[in-house]
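Input: a single structure, listed below in structure tokens.
The values are calculated or read from the model by the stated rules, or taken from the named source; none is laboratory data. Here the structure is a predicted model, which means the values were calculated and not measured. Here the Cβ positions follow ideal geometry from the backbone for every residue, glycine too, while neighbour counts run over all protein chains shown.
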Amino acid sequence: MIEMIAKLVEEFESGKINRRELIRNLAIATGGYAPGTRPTFAIPLAATGTVTSRQLAWQIDRGSPYTSTPLVYDGILYMVTDAGVLSAHEAATGARLYQARIGEGGLGFSASPVAANGRIYFASEDGDVFVIRAGKTFAQEARNSVPEMTVATPAIDGNLLIVRTGKRVIALGTI
């Protein structure tokens with residue numbers, strides 16, 4: 001983990017990573033397995049050696065996704081668990097802004113969220129793409145269904161949201 005953080009610092013200092021990509025010089029890492037005990041950590045990039053809990057900038061003890069990667073957008077950390085529990089936190093402090101369930105607990109969420117134009121997009125394995133307004137309060141703007149299972153993270157190209165299902169690639173309107 002420390003080697004990965006050192007590489008991030010090196011890339012930042014060389015100009016390969018933009019300052020906006022780093023949140024107050026923190027590396028945010030999720031804990032993965034086991035259910036109910038999935039923490040999220042914010043590790044200062046200046047930390048050296050074995051990082052202990054005392055060196056963490058903050059820690060969220062539960063609610064970390066097992067499969068998808070969290071997203072930081074406009075200073076807010078968005079995470080969705082495999083079961084569809086969405087949480088939003090201040091990226092700098094870890095303070096929870098809200099928690100809400102998206103989807104009806106179907107197959108779950110494997111794809112990572114993506115963001116554009118003030119919206120966060122979450123694709124469920126059931127083939128639903130949830131559109132959430134970025135910000136400190138929960139507001140679902142839309143739910144778009146595609147005809148098949150979706151596990152891949154959507155891509156954004158200009159004003160198109162591109163979703164890959166098991167059998168096709170679908171471009172969804174103007175985002």
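Within segment 165-173, does at least one residue satisfy the condition of being surrounded by 13 or more Cβ atoms within 10 Å (Cβ to Cβ), at pLDDT 90 or above and out of contact with any strand residue (DSSP E or B) (no Cβ under 8 Å at 6 or more places or on another chain)? Among the residues of segment 165-173, at least one is surrounded by 13 or more Cβ atoms within 10 Å (Cβ to Cβ), at pLDDT 90 or above and out of contact with any strand residue (DSSP E or B) (no Cβ under 8 Å at 6 or more places or on another chain), which makes the answer yes. Candidates in segment 125-151 are the residues that are part of a loop (DSSP other than H, G, I, E, B) and at pLDDT 95 or above; of these, the one that is surrounded by the most Cβ atoms within 10 Å (Cβ to Cβ) is Ala134.
Of all the residues in segment 79-120, those that are in contact with a Pro (Cβ under 6 Å, 6 or more places away or on another chain) and more than 27 Å from Leu160 (Cβ to Cβ) number 1.
Being under 30 Å from Asp128 (Cα atoms) and at pLDDT 85 or above holds for only one residue in Gly32, Gly36, Gly75, Gly63, and it is Gly75. For segment 86-112, which residues satisfy the criterion of being charged (D, E, K, R) and out of contact with any strand residue (DSSP E or B) (no Cβ under 8 Å at 6 or more places or on another chain)? Within segment 86-112, just Glu104 meets the criteria. In summary, Tyr121 fulfils each of the numbered conditions (1) over 16 Å from Thr30 (Cβ atoms); (2) crowded, with 18+ Cβ neighbours inside 10 Å; (3) within 16 Å of the chain's Cα centre (by Cα); (4) modelled with pLDDT under 95 with the single exception of condition (4).
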